[in-house]
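Student: Input: one structure, supplied below.
The values are calculated or read from the model by the stated rules, or taken from the named source; none is laboratory data. All figures in this text were calculated on a predicted structure; none of them were measured in a lab. Here Cβ is always computed from backbone atoms with ideal geometry, including for glycine, and neighbour counts include all displayed protein chains. Surface areas here come from the heavy atoms of the whole protein model, side chains and all, with no ligands, DNA or RNA. Shrake-Rupley method; radii C 1.70, N 1.55, O 1.52, S 1.80 Å.
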Amino acid sequence: MKPPVITRLDELETLFAGAGGQLYGGEAINQLEHALQAALAAESEGATPELIVAALLHDVGHLITGQGNDDVASGINDHHEAIGAVALEALFSEDVCQPIALHVAAKRFLCATEPGYIKRLSPASLASLNLQGGVMDALEAARFAARRHAADAVRLRRWDEVAKVPKLATPPLAHYLDIAQRVLRPASSVTP
Ligand SMILES: [Fe+2]
């Protein structure tokens, strides 16, 4: 089956208004809160608009697949990073889509290369690690590190890890959709 393609920003609004209210797989916050917290973490670090948008949308694949809260416990990998990146290609450049595509690989990379990282993963993130290929071996880690968007994906991964705080105040979705509007591919529909 061909993965869905998002062609307008208002489709993202609709996704967040629907599936975005679902809990973020095993965490104490919902998908929209997680997305906003990740985007805020990126913005607070002075990330580029493209990377802020990548942080906002890194898990949009979960919203598209409708991942259930107990899918990971049931051994289901929804491949959300690939589905999300492909779905967003019509709207955004590689500088948005590639960090999204690589953010799961970045977790596997950090587990292999940063002492103590794996111990800091949340239980849900640790549970999905094995389904996603487990810790990278040395060759995989070297290949990952050589990719053009590897450093951005690692930054995104770190924002992903901290974006799990119940009741944290963030700017609204509209604030980040304004930033997304500014980095749309030129040929895209710009319906806000
Ligand atoms: Fe995430």
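Student: In the range 16-36, which residues are assigned to a helix (DSSP H, G or I) and within 15 Å of the ligand (Cβ to nearest atom)?
Tutor: If the condition is that a residue be assigned to a helix (DSSP H, G or I) and within 15 Å of the ligand (Cβ to nearest atom), then Phe16, Ala19, Gly20, Gln31, Leu32, Glu33, His34, Ala35, Leu36 are the ones that fit.
Student: With the checklist (1) in a helix (DSSP H, G or I); (2) at pLDDT below 95; (3) of a type in the set (Lys, Arg) in hand, flag the one item Lys107 doesn't pass.
Tutor: All conditions are met except number (2).
Student: Does the range 37-54 include one or more residues that are of a type outside the set (Phe, Trp, Tyr), more than 15 Å from the ligand (Cβ to nearest atom), open to solvent by 10 Å² or more (accessible area, probe 1.4 Å) and in contact with a Pro (Cβ under 7 Å, 6 or more places away or on another chain)?
Tutor: Within the range 37-54, none of the residues are of a type outside the set (Phe, Trp, Tyr), more than 15 Å from the ligand (Cβ to nearest atom), open to solvent by 10 Å² or more (accessible area, probe 1.4 Å) and in contact with a Pro (Cβ under 7 Å, 6 or more places away or on another chain).
Student: Separate question: Against the conditions (1) within 14 Å of the ligand (Cβ to nearest atom); (2) more than 24 Å from Glu94 (Cβ to Cβ); (3) among the aliphatic types (A, V, I, L, M); (4) assigned to a helix (DSSP H, G or I), where does Ala112 fall short? Just the number, please.
Tutor: Here Ala112 meets the rest and fails (1).
Student: Next question. Determine whether the range 155-172 contains at least one residue that is farther than 22 Å from Ala47 by Cβ, open to solvent by less than 20 Å² (accessible area, probe 1.4 Å) and either part of a helix (DSSP H, G or I) or not charged (D, E, K, R) (or both).
Tutor: no
Student: Residues to consider are Gly21, Gly61, Gly75; find the one that is surrounded by 22 or more Cβ atoms within 10 Å (Cβ to Cβ) and either farther than 16 Å from Arg155 by Cβ or touching a residue at least 24 places away in the same chain (Cβ under 8 Å) (or both).
Tutor: Gly61
Student: When residues of the range 69-94 are filtered for being over 13 Å from the mean Cα position of the chain (by Cα) and either away from the ligand (no atom under 16 Å from the Cβ) or part of a helix (DSSP H, G or I) (or both), how many remain?
Tutor: 11
Student: On to the next question. Can you name every residue in the range 95-123 that is over 15 Å from the mean Cα position of the chain (by Cα) and closer than 24 Å to Val53 by Cα?
Tutor: Phe109, Leu110, Leu121, Ser122
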